[in-house]
1. Residue-wise, which Karplus ³J(HN,Hα) couplings in Hz belong to region 358-367, taking 6.51 cos²θ - 1.76 cosθ + 1.60, θ = phi - 60°, and x for glycine or proline?
2. Taking K and R as +1 and D and E as -1, what net charge do the other residues with C-beta under 15 Å from the C-beta of residue 205 add up to?
3. Tell me, what ³J(HN,Hα) does each residue in region 239-250 have, in order and in whole Hz, if you take phi through Karplus 6.51 cos²θ - 1.76 cosθ + 1.60 with θ = phi - 60° and put x for Gly and Pro?
4. Could you compute the net charge surrounding residue 248? Neighbours are other residues with a C-beta less than 14 Å from the C-beta of residue 248; K and R count +1, D and E count -1.
5. Give me the one-decimal nm value for the distance between modelled label points at residue 103 and residue 381, 7 Å along each residue's Cα-to-Cβ direction.
6. For the chain, what does the relative contact order come out to in percent, with C-alpha contacts under 8 Å and a separation of six or more?
7. As a test of the formula, what do you get for the chain when each DSSP H run with n ≥ 4 contributes -39,500 (n - 2.57) and the sum is divided by the residue count, at 222 nm and rounded to the nearest 500 deg cm²/dmol?
8. Amide H of residue 201: which non-local residues (sequence gap of 5 or more, or other chain) have their own amide H closer than 5 Å, using H built in the peptide plane?
Amino acid sequence: MAKKEPAVSLIDTFSEFKELKNIDRTTMVSVLEESFRSVIAKMFGTDENYDVIVNPDKGDFEIWRNREVVADDELTNPNRQISLTEARQIDASYEVGEEVTDEVIFEKFGRRAILNLRQTLASKILELEKDSLYNKYIDKVGTVIAAEVYQIWKKEILLLDDEGNELLLPRTEQIPSDFYRKGETVRAVVARVENKNNNPKIILSRTSPMFLQRLFEQEVPEINDGLITIKRIARIPGERAKIAVESYDDRIDPVGACVGVKGSRIHGIVRELRNENIDVINYTSNIQLFIQRALSPATVSSIVMHEEEKKAEVYLKPEEVSLAIGKGGMNIKLASMLTEYTIDVYREVDGNMTDEDIYLDEFKDEIDEWVINAIKGIGIDTAKGVLNAPREMLIEKADLEENTVDDVLRILKAEFEGNTSNNNSEAND
């Protein structure tokens, strides 16, 4: 019975190996053969004169050793040579110089050889499992998966997929209001696969714009069918998002299709993202119009574009400014992210001012040139641009003293008020 124990151990090893998923037969046979040869080489110094035949389906194998027949007194290497006397015990017809092939019973190599083989196989199996995990998930980057919470740590959550593979959801990739307990199911997008020192790490994300895009693709059939395209996404995870969509069929309203009847389609996405407020807008290649739509719900009066600098000056009525900026500056930040333009918001000029504007350089006699240059440095080069800009912005962005800004505003206001008086006088005359 004791002699059979090593054989049982080997059969168990084969069984473990056969259960590995995504391992093709050729690789399996190759690794098993390589493991046997590795043990043989350690025992005898070489495996060159051995033939290893592996049958993983049955869980068995054969090892054959090839040795040269030599005269009895010339035997120097029992591993590669066999004496004529011993050879003729196998077959009486053998002569010196011929080759004898006989089967080697691996179990007779002893317990140490068996343990060595199992350790070698275990190491190679682990490498294959890692390669399999990496190959599986490198193809899933950008797709949404569901996994079960296994362990919760301070900086990340460990999850397990259906096959028991370990996945990581770092705190930085979680929505701020996310809260999970062990055993709960988490949906997230596969963000990336790291593979340092052949140790793959699968990183998931719930804050990535790709996660929001994949949720829309699942909820809106028209997107999945290619009738509607998601052009751009901007997110402040858990707070607010803007998504620009475009339809290739004039009969389809892309915004309406994404929102659904009474919000039926978008509601599930909002719930999944912890009540993240999602604005869906129509995409357009007309960047000026796109900026106007991106600043929704504010109504824009006019826009001055600086396309080379990818900058836009947006003018609104006073009551619309707070809507454009949004709570904590969130709306204008998302609009900038979505359009990829720096957006500066200004109040509209009062109606009693003349329609004509004046370049700041015209005021060099009254305003120091370095002050004018500082204001021009933030993209404002006209008097009305200064008057319409929030005072705080002029102080912070142009890095000017409050008194200096107030002096500039006083000089510019006086200029326009003087023009208005002159115009009224002329009209009375």
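The values are calculated or read from the model by the stated rules, or taken from the named source; none is laboratory data. The structure presented is a predicted model; accordingly, all values stated were derived computationally and were not measured. Counting neighbours? That spans all protein chains shown, and the Cβs are built from the backbone with ideal geometry, glycine included. For the accessible areas, the whole protein counts, side chains as well, though only heavy atoms, and no ligand, DNA or RNA atoms are used. Shrake-Rupley method; radii C 1.70, N 1.55, O 1.52, S 1.80 Å.
1. Those phi angles translate into 10, 5, 4, 4, 6, 9, 4, 6, 10, 10 Hz.
2. My count for the surroundings of residue 205 gives +4.
3. With the stated coefficients, region 239-250 comes to 10, 7, 9, 10, 9, 9, 10, 9, 10, 9, 10, 4 Hz.
4. So the environment of residue 248 carries a net charge of -4.
5. Between residue 103 and residue 381, the simple spin-label model gives 9.3 nm.
6. 7
7. -12500 deg cm²/dmol
8. Under 5 Å from the amide H of residue 201 lie the amide H atoms of 194, 195, 196, each far enough along the sequence or on another chain.
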